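*Asks:* My questions will all concern the structure given below.
FYI, it's all coordinate maths here, none of it is from the lab. Being a predicted model, the structure only gives us computed values, none of them experimental. For neighbour counting, all protein chains shown are included, and Cβ atoms are generated from backbone atoms with ideal geometry for every residue, glycine included.
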């Protein structure tokens, strides 16, 4: 789909596509108010600007739409168009790494109140486990900022995929 094709869609169709890129209703509604983008760079800038205008609750809503790292079945259910790209390295993860991820995910969620968010593209299962474990040491104030930035990266990748020629 091109940006021009997107601009000609009705509002509800745009809403659904944007929500697949970022699960924050507030972000989607903000994106629906921006003028049509001239190119992908403008769209990325608008998307990032609107993301940073969102509240912590809006960010957490977006986080809640993600599967946990290592939960491939949930990923395929929630984001069928992105399932082959996101967390694709998890298909080669050992049973031990998957167990460790499940335990670390639980600890993370207990500490911060939301699931671990990381832009998983290009990262090995061991690398994601290392990031998750390291980020457990962060304060809640530090971690929400890191998670918000990771969500922004994920949104950008999904927008890029949506508008691939």
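*Asks:* Please give the helix 40-53 orientation as an angle from the longest Cα principal axis of the chain, in degrees from 0 to 90, rounded to the nearest 10.
*Replies:* Helix 40-53 sits at roughly 60 degrees to that axis.
*Asks:* Mind checking the angle between helix 11-21 and the chain's longest principal axis? C-alpha axes, 0 to 90 degrees, to the nearest 10.
*Replies:* Rounded to the nearest ten degrees, it is 30.
*Asks:* Per residue, what volume in Å³ does the Cα convex hull of the chain take up?
*Replies:* Cα convex hull per residue, to the nearest whole number: 105 Å³.
*Asks:* May I pose another question? What ranking, highest mean first, results for peptides 3-14, 116-127 when packing means the other Cβ atoms within 10 Å averaged over each residue?
*Replies:* Listed from highest to lowest mean packing, they are 116-127, 3-14.
*Asks:* For the stretch 3-59, what does the alpha-carbon gyration tensor say about shape, rounded, prolate or oblate, given a ≥ b ≥ c as the root eigenvalues, a/c under 1.5 as rounded, and a/b over b/c as prolate?
*Replies:* oblate
*Asks:* Follow-up question, since we're still on this one. Hey, how many Å between the Cα centroid of the stretch 92-149 and the Cα centroid of the stretch 1-75?
*Replies:* Spelled out, the Cα-based centre of one part sits 23 Å from the other.
*Asks:* Measure nothing fancy, just the Cα-based angle from helix 140-162's long axis to the longest principal axis of the chain, in degrees from 0 to 90, nearest 10.
*Replies:* Value to nearest ten degrees: 50.
*Asks:* Which order do the peptides 25-37, 56-68 take when ranked by the mean count of other beta-carbon atoms within 10 Å per residue, highest first? Walk me through the numbers before you get to the answer.
*Replies:* Working: 25-37: 16.2, 56-68: 18.4.
My ranking of the peptides, most packed first, is 56-68, 25-37.
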